[in-house]
1. So what are the ³J(HN,Hα) numbers for segment 72-83, from phi and the Karplus equation (6.51, -1.76, 1.60; θ = phi - 60°), rounded to whole Hz, Gly and Pro as x?
2. What is the Cα centroid distance between segment 274-299 and segment 104-134, reported in whole angstrom?
3. Using a 1.4 angstrom probe, figure out how much accessible area the chain has per residue, in square angstrom, rounded to the nearest whole.
4. If r is the Cβ-Cβ distance from SER401 to SER134 and R0 is 41 Å, what FRET efficiency results, to the nearest 0.05?
5. Stokes-Einstein D for segment 48-93 at 25 °C, 0.890 mPa s, Kirkwood Rh over Cα pairs, in µm²/s?
6. Once amide H atoms are placed 1.01 Å from N in the peptide plane, what residues at a sequence separation of 5 or more from SER385, or on another chain, have their amide H within under 5 Å of its amide H?
7. Please give the calculated 222 nm ellipticity per residue for the chain, where each DSSP H segment of at least 4 residues contributes -39500 (n - 2.57) and the sum is spread over every residue; nearest 500 deg cm²/dmol?
8. Within the set LYS106/LYS302; LYS302/LYS323; LYS323/LYS361; LYS73/LYS207; LYS106/LYS323; LYS106/LYS463, which residue pairs have Cα atoms separated by over 30 Å?
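The values are calculated or read from the model by the stated rules, or taken from the named source; none is laboratory data. If you're wondering where the values come from, they're calculated on a predicted model, not measured in any experiment. All Cβ positions, glycine included, derive from the backbone under ideal geometry; neighbour counts span all protein chains shown. For the accessible areas, the whole protein counts, side chains as well, though only heavy atoms, and no ligand, DNA or RNA atoms are used. Shrake-Rupley method; radii C 1.70, N 1.55, O 1.52, S 1.80 Å.
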Amino acid sequence: MPGIVSHGAYVPRYRLGPETSGWPVPFQRAVANFDEDSITMAVAAGQDCLRGHDREQIDGLLFASSTSPYAEKQGAAIIATALDLRRDIFTADITDVLRSGTAALKAALDSVAAGSAGRVLVVAADTRQGPPRSDTERNSGDGAAAFLIGGDDVMAEAIGSHSLSVNMLDNWRSAGDSFVRSWEDRFAIEEGLERILPEAVQGFCQKYGMNPDSFDRVACFAPDARRHGRLVRQMGFAPEQVQEPYFGRMGNTGAAFPLMLLSGALDELEPNKNILVVSYGDGSDVMAFRTTELVEAASMGKGGLNRHLDTGTVLDSYETYAKWRDIWTTDEAARRPAPSSPSVAALWRESDKNMRLHAGKCVSCGYVQYPQQRVCVNCQRREESNPVRLSEQPAEVFTYSMDYIAGAVDTPLVVSVVDFHCGGRMLCMMTDRELEEVHVGMPVTMSFRKLRVVNGIHNYYWKAIPRRFESEASLG
């Protein structure tokens, strides 16, 4: 029976909250840093999901998002490379609709059930933007979820699914739009959410001979907390059945939202419990899972949704967030020369070094070098080294400097030299850092981030970030 083998989640470190100057809202929402997007967050969730699993066994990767950085280029291929998966796998993007996360999950389950793949990784991430001070901006959040789908050793078996396809123009974003657009609120709710979701859930229950009492936990989409409570009551679910939607702590994370709620439920539930997942967007997907005896062990050692939510930092001002999102422009960029376009040939040639983050380990003496060299600096042997994936290795800061005139979005630019526990040393930027916490010997992990965007080319690389969880001390 196909199902979920492993799961992971990612919530950015930073939040807008009541303590944020210029943010007149009495609750928090998660916000991606200036160098994060849906691809970098998907990589982070994928790392969390794959911890302890053999990446060579993965036969496919599906990336779900309504905010992919590229309009024409596959995000799944970037994610698969950053996660150091095999080259001979199937990759696809499922985009442009809020229920793309559950669509990708269903496609992976169908692929495994049909025997066309042994294990498929599903990653969903979104960074949707509403107009400044709008309800969409207040209630949205940034985040990602990942699920490893397989046919054996599953922590949650798939019970089944049911879908509705409805052409509904309630929320949309055309090519070139920076912000999500919405139609009149009453129409969108009464003719959209409150009509489509109950119909989809009722159809699922009739299809599989179940009823609202059959489920121990319900992970349901909604645009905000008030409508979420109204929807689940309308569909006949009791408060104790409802998975915490994390409004006020995280916000609605778009295509990733129902999958993140599913991940949160799997962190909390015991074996033999039924979970219902309900998504929304031009219709609805309804899916159900039953936890197995492996559910508790499979969640151990993960970052986990709640642990990510518990390790947040509230921004001092809305202006910082607005600068990260280019909502407000300043004259700083105009005083500096435009950055040069990255070389596409160099990006291709140095993919193992820059995207997979491979170092070389000498087969003769075991010395680790980054980047991988033709000659070992320790024993001088030539062209005899094996690749070592540094992206999952814990590290510590050997030394660092702070550059206040580099013109970085997040001044000062912290440049660090990090030593990996497995051996090897790397010069890289540090992000997600507060200046007072940076010090020599600081524990860090590596995070896939965006350096810059020039001529439409999104240039990605790995940066050091402060260690968020103790479990990251033994990633390697």
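1. Result, rounded to whole Hz: 9, 3, 7, x, 4, 5, 5, 5, 4, 5, 5, 7.
2. 13 Å
3. Numbers: 20270 Å² over 476 residues.
Value for the chain: 43 Å² per residue.
4. Details: r = 40 Å, r/R0 = 0.98.
In this case the efficiency is close to 0.55.
5. Working: Rh = 11.3 Å.
My calculation gives 217 µm²/s for D.
6. It is VAL363, by chain and number.
7. Working: 12 runs with 105 residues, N = 476.
For the chain, the value works out to -6000 deg cm²/dmol.
8. Details: LYS106/LYS302 23 Å; LYS302/LYS323 32 Å; LYS323/LYS361 41 Å; LYS73/LYS207 38 Å; LYS106/LYS323 37 Å; LYS106/LYS463 33 Å.
As for pairs spanning more than 30 Å Cα to Cα, those are LYS302/LYS323; LYS323/LYS361; LYS73/LYS207; LYS106/LYS323; LYS106/LYS463.
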